[in-house]
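Here's the structure we're looking at; comments come further down.
The values are calculated or read from the model by the stated rules, or taken from the named source; none is laboratory data. The structure displayed is predicted, hence computed values, not measured ones. Using ideal geometry, Cβ is built from the backbone for each residue, glycine included, and neighbour counts are taken over all protein chains shown.
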Ligand code: DLZ
């Protein structure tokens, strides 16, 4: 089955002035590493400077919303704000009996954070039924959604003159 990414871009975006945070969970590490690399490489491709891509981690996807808030606020306080944050996590149904609860609460809170923090918080969480589905979406046999998340961060951080 083909798993498609973002459609055609409406214009070319310039990421050269942006600072982008990537905050990733450490559960399902091989898949996470591939998604982080996909996002990171796409940011570089669109001009974001290596030193302006800030990567940190939290234990699991459940920690992503609070971690993202603190991560963003930390850089605000230091006077070097992040223009967008990409929280990255991989939730696999077989691994957690409370899968639906975690998926619902994490995705809702990540959505809320954009409004709370006034900056784009990208939805970089894979919610999959199997390990194989997650691998297919992480560039380990199929398209890498991490690349789409990188591009979404650049588009959203530049599009509305935030
Ligand atoms: C506990 C748990 C389980 C069972 N499965 C996953 C998973 O598939 N993906 C993920 O990112 N995290 C998982 N976790 C860890 C929780 O997200 C969280 O880190 C712990 O419950 C501690 O709060």
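Going by the conditions given, is residue 116 without any contact (Cβ under 8 Å) to a residue 12 or more places away in the chain, away from the ligand (no atom under 16 Å from the Cβ) and within 30 Å of residue 14 (Cβ to Cβ)? So residue 116 does not fit the description; no.
Taken as a whole, the condition of being over 16 Å from residue 155 (Cα atoms) and under 15 Å from the mean Cα position of the chain (by Cα) does not apply to residue 79. Picking from residues in the range 70-105 that are near the ligand (Cβ under 8 Å from one of its atoms) and more than 18 Å from residue 135 (Cβ to Cβ), the one that is modelled with the highest pLDDT is 102.
Restricting attention to the range 53-66, the residues that are buried (at least 21 other Cβ atoms within 10 Å of the Cβ) and over 23 Å from residue 41 (Cα atoms) add up to 1. Among the residues of the range 132-151, the ones that are in a helix (DSSP H, G or I) and more than 19 Å from residue 106 (Cα to Cα) come to 8 in all.
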